[in-house]
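Below is one structure, written out as C-alpha cells, with a few remarks after it.
The values are calculated or read from the model by the stated rules, or taken from the named source; none is laboratory data. Small disclaimer: the values here were computed from a predicted structure and weren't measured. Heads up, the Cβs are rebuilt from the backbone with ideal geometry, glycines too, and the neighbour counts pull from every protein chain shown. Accessible surface areas use protein heavy atoms only, side chains included; no ligands, DNA or RNA. Shrake-Rupley method; radii C 1.70, N 1.55, O 1.52, S 1.80 Å.
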Amino acid sequence: MQWWDVRIVDEHDKPMSDDISVPASILSKMKPESIMLRGIDPYLNTTFNNAQVEFFIKEWEELAPRVEPDDKVIWQAVLDYAKRCLEPHVYLKFIGD
C-alpha cells in the first residue's frame, strides 16, 4: 500500500512537527474535481504554502464523510497540521515514496 509521510516545515525545509503516516486509502476518497489533492505526487515531495493550504483544507474537509473509521484519527491529524500552516513561512509537506 502507498503511504505518505506528512509534516510541517519552515521556509528552510526544517521539520516543525513529527511525521504522520498517511495511507493512500484516504486520498483515494477524493472527489474527481479535486485539484490540490490530485496534485500530491505519490513518488516525489509535494509542499503547500499558506495560500495553497486554504484550498487544500477545503478539499481535505470534503473527504471527511468518505474516510474509513480506522483512518479518521490520521485524517484529523493532517487537518490539524494544515490549519497550523495558514501562517506565512510554514508549509505542509507530503513526502512521497
Subset of the range 31-52 [in contact (Cβ under 8 Å) with a residue 12 or more places away in the chain, more than 19 Å from S21 (Cβ to Cβ) and open to solvent by 80 Å² or more (accessible area, probe 1.4 Å)]: I35
Residue within the range 53-74 that is surrounded by 13 or more Cβ atoms within 10 Å (Cβ to Cβ), under 12 Å from the mean Cα position of the chain (by Cα) and assigned to a loop (DSSP other than H, G, I, E, B) present: no
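Looking at the structure I just gave you, is Y91 part of a helix (DSSP H, G or I), of a type outside the set (G, A, S) and buried (at least 16 other Cβ atoms within 10 Å of the Cβ)?
So Y91 does not fit the description; no.
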Residues satisfying the stated conditions in the range 17-52, i.e. of a type outside the set (K, R), assigned to a loop (DSSP other than H, G, I, E, B) and touching a helix residue (DSSP H, G or I) at 6+ places or on another chain (Cβ under 8 Å): S17, M30, S34, I35, M36, L37, I40, P42
